[in-house]
1. Could you check the simple spin-label distance between A:S158 and A:R353, using points 7 Å along Cα→Cβ, in nm with one decimal?
2. From the Cα trace of segment A:15-108, what convex hull volume per residue do you get, rounded to a whole Å³?
3. Once you put a point 7 Å from the Cα of A:R471 and another 7 Å from the Cα of A:A313, both along the Cβ direction, what distance in nm separates them?
4. Taking Cα atoms of chain A, Rg/Rh with Kirkwood Rh, to two decimals?
5. Size of the dipole of chain A about the Cα centre, Lys and Arg at +1 and Asp and Glu at -1 on the beta carbon, nothing else charged, in debye to 20?
6. Suppose the chain between A:A113 and A:D68 were pulled fully straight at 0.36 nm per residue; how much longer would it get relative to their current alpha carbon spacing?
7. Run the reach check for A:K390 against lysines, Cα to Cα strictly under 19 Å, same-chain hits fewer than 8 apart removed. What comes back?
8. Measure nothing fancy, just the Cα-based angle from helix A:190-200's long axis to the longest principal axis of chain A, in degrees from 0 to 90, nearest 10.
Amino acid sequence: MSAPRLRFAPSPSGYLHIGGARTALFNWLWARSQGGSFILRIEDTDQERSSLDSVRAILDSMKWLGLDWDEGPEVGGPHGPYFQSERKALYREATETLISRGLAYRCYCTKEALDAQRAALKERDPKAQFVYPGTCRDRTDTPDQPFVVRFKSPESGSTDFVDKVFGAISTPNASQQDFVLVRTDGYPLYNLAAVVDDHAMGITLVARGRDHIGNTPQQVLLYRAFGWEPPEFAHLPMMLSPKGDKLSKRNADVGVQDYRDRGYPAMGVLNYLVRFGWSLGDREIFSRSELIRAFGWDRVGKADGKFDDKKFADVAFEHLKQPELTGLDDYAAWAAPFLERRGLASPEPARLRAAIPLVRERARTLAEAAEMLDYFFRPEPELDPKAAAKALGPGAAEVLGELAEALRGVEPWEGSALEEATRRHVEARGLALKDVAQPARVAVTGRAASPPLFDVMSVLGREQTLHRLARAAGKA
RNA sequence: GGCCCCAUCGUCUAGCGGUUAGGACAUCGGCCUCUCACGCCGGUAACCCGGGUUCGAGUCCCGGUGGGGUCGCCA
């Protein structure tokens, strides 16, 4: 079998949300694992709702996630253009073919008339479903009026396809109505455009959310009407909100960019998303390359699920925590914007590299990391009043002064030597380590909690450490 | 309501006829400890219900119940 061609086809009517990102991911993974192609196509046939801002936001999010595309906006490709709004000629040609074969027809019923009928029916019986009555199905005249194009659905038999996730799905044709292919304004509707493009672009597998499963029979019908072989289909179970309802694009805080802004690493996001509906035994954490190697449709589940913030945060954290998953350089680069946000625009690189190992197992996001890194890059730490009140009370001045003296000549200025010196000092004074460590911690970091004190001192250096101890002693 | 789909701890899931039903998150204890974390040890916690098939069903079949999707000149 030749290399598969997959696509992700968002409509630019808002930001990319995590549900969409998950769909993109599954397509991307399969393309990458099979040496196939991943195509990005923008479905902007609804002029009302589409915007360039949305296109930009979607492309940004895709790039941030590392879901690179082989054909599509910005990179082009042999099957372009990749915006549906620029492919109208294709749809028109396809539509005419269908009409000339008697498989589609022009319908002159106005939307208003149909809507009125629908409303009237609902009034009589709220549970009834409105079905297009086929008014124009066999019409032969061609009045000079606006029209839509409808597909002439078969009235008997069934339309079947085999889904790579759900297996055989059969839908009676009698339950299909003559759905609209082309609007009054000449723009194609989703089912027509998707089929024409997927065929033209040589798509071999269409993977999308389960909410599209009902479109599939209609699309299969269209493939047959054109005389084309349908692609394979794979539908993904839905990712619902924590409450159990549909994740909505309007739900601004589930946008990919929201997660980026909150300081989650891209691979953390992807790792959570892939494990949602796909699993490999007990394995939870995957690097990008491991994922590409491991992914397969046979291990995709069928049941919908609810998004879980805590689990998500943990998976993302796992990626920040493990140096094998997030190298020092990446960590530093990713933390930089969050430090900048705190007014720390150009942290000294060597110190940053030294400090990251101290915070990476404590910071659950890059935003938290920046907060924990803060005092390494200021002349003076910001003093937490509560911590100061508790640890820098009476007697602290003496404790800190003595500690500074005990540490002044320590060689080398490094964690274990500092700890050793401090323990000797504390023992000689008949104190407990914590009696000295807490005041010192607040003096050096400004806070009641920090990475191990002596490691912090080590990164801070002799001069700044002694300076901070002395300054705090002066204040206390 | 029509059509389609789904069903294991609170959540994500493993399980593919015989298991003390496993893991992860969350939660509750404990250990480690200069604080905070990390890590480690342990606890609570699930097969929706009813019929079949079978020597034996979480696993296979049927029905019910529950949940979801979809029924647009949105995608």
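1. Going from the A:S158 label point to the A:R353 one covers 6.5 nm.
2. Working: hull volume 13.9 nm³, N = 94.
Expressed per residue, the convex hull around the Cα atoms of segment A:15-108 is 148 Å³.
3. Result for the modelled spin labels: 3.2 nm.
4. Numbers: Rg = 31.0 Å, Rh = 26.7 Å.
Result for chain A is an Rg/Rh of 1.16.
5. Details: 64 positive and 66 negative charges, 146 e Å.
In total the dipole reaches around 700 debye.
6. Working: separation 45, 0.36 × 45 = 16.20 nm, distance 4.59 nm.
Using 0.36 nm per residue and subtracting the Cα-Cα distance, I get 11.6 nm.
7. Cα-Cα hits under 19 Å: A:K434, A:K475.
8. Result, in degrees: 90.
Here, each number is a calculation from the coordinates, and none is a lab measurement. Keep in mind it's a predicted model, so treat the numbers as computed, not measured. A quick note on method: Cβ atoms are made from the backbone with ideal geometry, for glycine too, and the neighbour counts reach across all protein chains shown.
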